[in-house]
Amino acid sequence: MHSLLKSCARLSLALLSLTLLGSCGATQPQGQPSATAASNQAAASRPTTQPTTTQAAEDKAKKEKEEARKARERQRKLAKLERNLETARLNLAKAKLAAGHAELQFKESATKAENDLEVARTKLQNFLDVTLPNRIARAELGLQGTEDGFTETREELEQLELMYSEEQFADQTKEIVIERARRRLERTQRDVELRREEFRNLIEVTLPLEEWELELTVQERERAVAQLRRGRETAAVEQQVAIISAELEVTRIEQEIADVREEITEAEQKAGETRAAEKTPATKDAAP
């Protein structure tokens, strides 16, 4: 009897369980998915790993290619700047050599110009102190001698005329001697006139003209020296400007080279940090 009651109790519990399960399935909301459907939906909505990995690899390859291109451009720019720097340094050396050469040329030209000026001044001074008075004295002496000769010739003619007037000579002989003396006197008189004209021309024209030419030569030499000095000052300024410009160009290129090298260093450091960051997640994933 007791066993029969236990069997009935177990049967009642089983029926109750079946009833409860059936009621739960019947009362479930229509929009609520089942556990299996939810699992399938979650699996369908999860992104696939393969396409994502491929896109990341392509992006990484493009980025590495772009970085390599930029690195090559920086290297080419650095090489070009280094060549330009060498050229700029040669231009600076050339400007300095040109300045030194111009200085030597100026000293030589200045020495020659100053010597020419000194020679011209010496000639002028010698003309005024020696040549001018000597030539005037010689001209006066020559003129005085000619005038004395004229006087003597005239006196001789007078003596002949007086002598022949007192003596009895043939008329023909007397006329020949007196006529010769008269012709000589006329030539002497003409010589005196020419000497006087030459002396006047010497004093009034020739000597002043020679003095003026010497003075002009001195002035020309003085202008040449002054012009040479002014030209040297202008050339010195231009050469100094050229040297400063060449130095500035060298400095500018050196600064650009320093900037490019700094860019290269920063890019290499950044690339190293990127590679280190890419290796770190792989290490962490591999650790478990």
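Each reported figure results from applying straightforward, stated rules to the coordinates on display, with no laboratory input. Note that the structure is predicted; figures quoted are calculated from it, not measured. Note that we place each Cβ from the backbone using ideal geometry, even for glycine, and neighbour counts take in every protein chain shown.
List the pairs from 70/279; 62/279; 60/270 whose alpha-carbon separation is above 21 Å, in the order I gave them.
Over 21 Å Cα-Cα: 70/279.
Reachable lysines from residue 96, Cα under 26 Å, same-chain residues fewer than 8 places away excluded?
Within reach: 80, 107, 112.
Beta carbons within 10 angstrom, averaged per residue: use that to sort the peptides 113-119, 274-280, highest first. Display every interim value, and only then the final one.
Working: 113-119: 14.9, 274-280: 10.3.
By packing density, highest mean first, the sequence is 113-119, 274-280.
Can you tell me the Rg and the Dmax, both Å, for the Cα atoms in the range 53-150?
Reported Rg and Dmax, both Å: 41.1, 138.
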